[in-house]
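Q: My questions will all concern the structure given below.
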Amino acid sequence: MIAIQDYYPDHFAQCYGCGRLNAHGYQLKTHWEGDHTLTTFVPSQFHTAIPGYVYGGLLASLIDCHGTGSAALALARERGIEIKPYNAPRCVTASLQVNYLAPTPLGPELRIIGHIAEVKGRKVIVEAKLYAGDTLCVSGKIIAIEVPENFGSKA
């Protein structure tokens, strides 16, 4: 299974959350699963808030990075772009809303599911839900904006 982050140009592949070239980051991978997007992540023991539970800042960053990856997928689908190495649209977060609904336990794989609520020009709205097992722990809304291909490059 190929994730959208695998197709970002190198200068976009440094993100702490999803950058394939950031050895210290989460290296999130976002892909389509039917009509929604999916990212999974297993927190480490050091991602703790209090013993046994995941730190809320990590949960917010998972929602954030899943949202921008989902937005890139949505733009590619909307425009009929066949994703190939280095041609994926790239988005940044314009707005992030996070709602903590239940404590998130350390241990199980976390699943972040995204639903594309709107695609309008360069703007994509993604609604995301983070689950630990069958428990909905966090919901979020991301407004992502597509950036130009040379955004962030030193060239």
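Rule-based calculations on the coordinates, nothing more; no lab input. As the structure is a prediction and not an experimental result, all values here were calculated from the model. Note that each Cβ is placed from the backbone with ideal geometry, even for glycine, and that neighbours are counted across all protein chains shown.
Q: Explain nothing, just the number: relative contact order of the chain, from Cα pairs under 8 Å at least 6 residues apart, as a whole percent. Spell out each step's value before the answer.
A: Working: 348 pairs, mean separation 37.7, N = 155.
About 24 percent, as a whole number.
Q: Compute, for region 4-146, the length of the dipole vector about the Cα centre, with Cβ point charges of +1 (Lys, Arg) and -1 (Asp, Glu) only. Units Debye, rounded to 20. All intermediate terms of the calculation are to be shown ahead of the outcome.
A: Values: 12 positive and 12 negative charges, 54 e Å.
Dipole magnitude for region 4-146 comes out near 260 debye.
Q: While we're on this one: List the lysines whose Cα sits under 16 Å from the Cα of residue 84, skipping any in the same chain fewer than 8 residues away.
A: Output for residue 84: 29.
Q: Could you give the longest part of the chain that holds none of the GluC sites (Glu not before Pro) found in DSSP loops with at most 11 neighbouring Cβ atoms within 10 Å?
A: Here the longest run is 1-81.
Q: Whole-Hz Karplus ³J(HN,Hα) for region 100-115, in order, using 6.51 cos²θ - 1.76 cosθ + 1.60 and θ = phi - 60°, x for Gly and Pro?
A: Using θ = phi - 60°, the values come out as 8, 9, 7, x, 9, x, 6, x, x, 4, 9, 10, 10, 10, x, 10 Hz.
Q: On a 0 to 90° scale, report how tilted helix 56-79 is relative to the longest principal axis of the chain, with both axes built from alpha carbons and the result rounded to the nearest 10.
A: So the helix axis and the longest Cα principal axis differ by about 30 degrees.
Q: With a 10 Å cut-off between alpha carbons and a GNM built on the chain, which of 88, 49, 76 moves the most?
A: 49
Q: Now for a different question. Here are a few candidate values for semi-axes √(5λ) of the Cα gyration tensor in Å: [x] 24, 21, 18; [y] 21, 19, 16; [z] 25, 17, 13. Which one was actually calculated from the structure I just gave you?
A: Checking each listed value against the structure points to [z].
Q: Could you work out which residue, out of 14, 27, 45, moves most in a Gaussian network model of the chain, that is, has the largest mean-square fluctuation with Cα springs under 10 Å?
A: In the Gaussian network model the winner is 45.
Q: Taking H placed 1.01 Å from N in the peptide plane, check which residues at least 5 places from residue 49 or on another chain put their amide H under 5 Å from its amide H.
A: 54, 55
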